[in-house]
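The values are calculated or read from the model by the stated rules, or taken from the named source; none is laboratory data. Keep in mind that this is a model prediction, so the values were computed, not measured. Cβ atoms come from the backbone with ideal geometry, glycine included; neighbour counts cover every protein chain shown. All accessible areas refer to the heavy atoms of the entire protein, side chains included, with ligands and DNA or RNA removed. Shrake-Rupley method; radii C 1.70, N 1.55, O 1.52, S 1.80 Å.
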Amino acid sequence: MARFDSIQVMNKIAATRMVPVFYHSDIETARKVVKACYDGGVRAFEFTNRGDFAHEVFEAVVKYAAVECPDMAIGVGSIVDAPTASLYMQSGACFVVGPLFNPEVARVCNRRCVPYTPGCGSISEVGFAQEAGCTLCKVFPGDVLSPKFVKGLLAPMPWSKLMVTGGVEPTEENLTGWFKAGVFCVGMGSKLFPKEDIASGNWNGISAKCREALAVIARF
């Protein structure tokens, strides 16, 4: 069962407005990355379902975070079907994110009061997701849709809370563009975790990148 309820999760995301997105097949590496992000000020972390036995790594990370990162809400990403969402919720997922909108995923998440953030590439998809109870919708892929999409959507639907993922970088210019357009938060993947930092175990470097990005976001 999730350690944090839906209100607590949304408050954590609202407080930092950045959700790191990461996957690694090695349990110890995944644990180190989560701890580095936590030390850098992150309080909501998305572990993506992208490899064989990813759920086993996820379970180990959730148990580790409960002790070493007690205020961190661990969620799962890249979820496209309801059975997989249920599997991860049984392993303690505090929120569920997907690259697309699947009403069946919304149904099982709503039953457990776990936030579901689906990927949406059109205004109609965002509308359908909101009707299904999705408070936070993911604009994906962000680098294809651009900040103009966010600004255009919010004009007729200003109540929308949007998380952009894909093409987000921990730079002042990139983050400023997204937050000026009106995003609620950003999901950030590879740019926050350079391969050389992961390979060398430069966890302090990852913590520093998180702090720098959060400092820019805090201005908005």
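Observations
- Where labels lie 7 Å past Cα in the beta-carbon direction, separation of D81 and K180 in nm: 4.4 nm
- Under-5 Å amide H pairs with V97, H placed in peptide plane, nonlocal only: V76, G77, S78, I79, T117
- Cα-centre dipole for region 1-86 with unit charges at Cβ (Lys and Arg positive, Asp and Glu negative), debye to 20: 300 debye
- Around E104: net Lys/Arg minus Asp/Glu count, Cβ-Cβ under 12 Å: +1
- Given R0 = 25 Å, the distance between the Cβ atoms of N110 and W159 translates into a calculated FRET efficiency of 0.85.
- Span from the region 80-109 Cα centroid across to the region 45-75 one, whole angstrom: 15 Å
- In percent, rounded to a whole number, the relative contact order of region 79-220 is 16, using alpha-carbon pairs under 8 Å and six or more apart.
- Protein heavy-atom surface of the chain, 1.4 angstrom probe: 53% of the accessible area is carbon and sulfur, with nucleic acids and ligands not counted.
- Reachable aspartates and glutamates from K12, criterion Cα separation under 19 angstrom, eight or more residues apart if same chain: D39, E46, E68, D71, E212
- In straight-distance terms, cross-link reach from K138 covers every one of the lysines whose alpha-carbon lies under 16 Å from its own, apart from those fewer than eight places away in the same chain; here that gives K148, K151, K161.
- Here the chain is described by how far its Cα atoms reach on the three principal axes: 45, 39, 28 Å, from widest to narrowest.
- All other residues whose Cβ lies under 9 angstrom from that of A181 are scored, Lys and Arg at +1 and Asp and Glu at -1, for a net of +3.
- The eigenvalues of the Cα gyration tensor, multiplied by 5 and square-rooted, give region 1-86 an equivalent ellipsoid with semi-axes of 19, 16, 11 Å from largest to smallest.
- Per residue, the accessible area of region 76-220 comes to 45 Å², computed with a 1.4 Å probe over protein heavy atoms only.
- Hz values of 3J(HN,Hα) by residue in region 111-125 - Karplus curve (6.51, -1.76, 1.60), Gly and Pro given as x: 4, 9, 6, 9, x, 10, 10, x, x, 10, x, 8, 5, 5, 4
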